[in-house]
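So the structure is just underneath, and the comments pick up after that.
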Amino acid sequence: MFDFLKKDKEINVTKTVDEIENAVYAYLKSYGFKKHGRTLHRFVSEDISQVIHFQSGVRGLQGHLCVNIGIRVPECDERHFQPQEEKKKYYYEYECNIRSRLGLIRGKRETWYDLHKNTEKIIKRILKEIQELVLPVFDILNSRENILLYRKDYPLFDNCCNTLVLEECMIYGHLGDFQKARELFELHYESAVAEYNDLMVNGRRLYLKKGERVGYMGQDITAEKNGYVTLYGASHGHIDYLDDLAERLGLK
C-alpha cells in the first residue's frame, strides 16, 4: 500500500531533476536559452518569452516530473497595448498566454516522467520531444506577426485558446491597428455575452452518480440515480472584466 513512499526514499528528487534539467539546458544553451531555477527562458523579437519549465509532482505524483511549455506576449499577459511593467530578466511559464506540456503537444496525455526509472532514458525522451516538436514551433511562433498567422495551426500547443480572439486584439493594438483590435474585441465580447445567455437559458449538463451532490448558483441538487442534471446560471464576472478592459484600452 505504501510502496510509493519507499520508492521516494530511494532517490533524491531534487538531485535527479537537477541532472535532467542541466542536461536539457546544455543542449538548449546554444539556442539562446538561459537557466533561471527550474525555468529555461529566451527572448525572441526582443520581448516575447519562450519558456521550458520543469515541474516536480506532489501528492500522488511525488517522484515524478513534467515539462511545461510556454510563450508569453507581453500585451496579452499585461492586458495593455503597450507594456506598462519594466521588462524582467525572465518570465515563468504561468505568465505565458500560450501554454502546454510535453505529451500533450504530440496529441497524447501529458507526460509525467517517473524519476525512479533510468535518468538517461528520461533525458533522451525529453530532448527528443523538444527537438522534434518544441523548437520547430518556437521558431515559427517567434514574432507577433507569425503568432497572428500561425498560432491556430498548433492547437496542441495552446491550452489558453479560449481567449485567442482577445489576445489577437491585444497584439493588433500593440502593432497600432486599432480598427482591427476593436473588431476583435467586439467579437470576443459578443461571444462572451452569447455564452452567458446560453448558460442562463439552457444551462449546462453535469453527470452525477447516485447520491452525489452539487451546489451551483443557488441550486442544491442531489442525484437520485446515475445520470445528467442541468445547472442553470452563469457568472457575469468575465463580461464585467471586459467592460473595464474596454474602457482602459479606449475601445468602449
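The values are calculated or read from the model by the stated rules, or taken from the named source; none is laboratory data. Small disclaimer: the values here were computed from a predicted structure and weren't measured. Positions of Cβ are generated from backbone atoms using ideal geometry, with glycine treated the same way; all protein chains shown enter the neighbour counts. Ligands, DNA and RNA are stripped out before the accessible areas are found, and what is left, the full protein with its side chains, is counted by its heavy atoms. Shrake-Rupley method; radii C 1.70, N 1.55, O 1.52, S 1.80 Å.
Quick notes on this structure:
- Any hit, the stretch 151-161, residues being over 17 Å from residue 70 (Cα atoms), touching a strand residue (DSSP E or B) at 6+ places or on another chain (Cβ under 6 Å) and in contact (Cβ under 8 Å) with a residue 40 or more places away in the chain: no
- Test: residue 61 is at pLDDT 95 or above, over 15 Å from the mean Cα position of the chain (by Cα) and under 19 Å from residue 16 (Cα atoms): no
- Residue in the stretch 151-174 that is assigned to a loop (DSSP other than H, G, I, E, B), among the small types (Gly, Ala, Ser) and either within 29 Å of residue 105 (Cβ to Cβ) or over 23 Å from the mean Cα position of the chain (by Cα) (or both) present: no
- Of all residues in the stretch 84-108, those being farther than 18 Å from residue 145 by Cβ, open to solvent by less than 80 Å² (accessible area, probe 1.4 Å) and either outside any loop (DSSP other than H, G, I, E, B) or touching a Pro at 6+ places or on another chain (Cβ under 6 Å) (or both) number 7.
- Failed condition for residue 138, given (1) loosely packed, with under 14 Cβ neighbours inside 10 Å; (2) at pLDDT 95 or above: (1)
- The residues of the stretch 111-126 that are part of a helix (DSSP H, G or I) and among the hydroxyl-bearing types (Ser, Thr, Tyr) amount to a single one, 119.
- Only listed residue being loosely packed, with under 15 Cβ neighbours inside 10 Å, aromatic (Phe, Trp, Tyr) and touching a Gly at 6+ places or on another chain (Cβ under 8 Å), chosen from 150, 232, 228: 232
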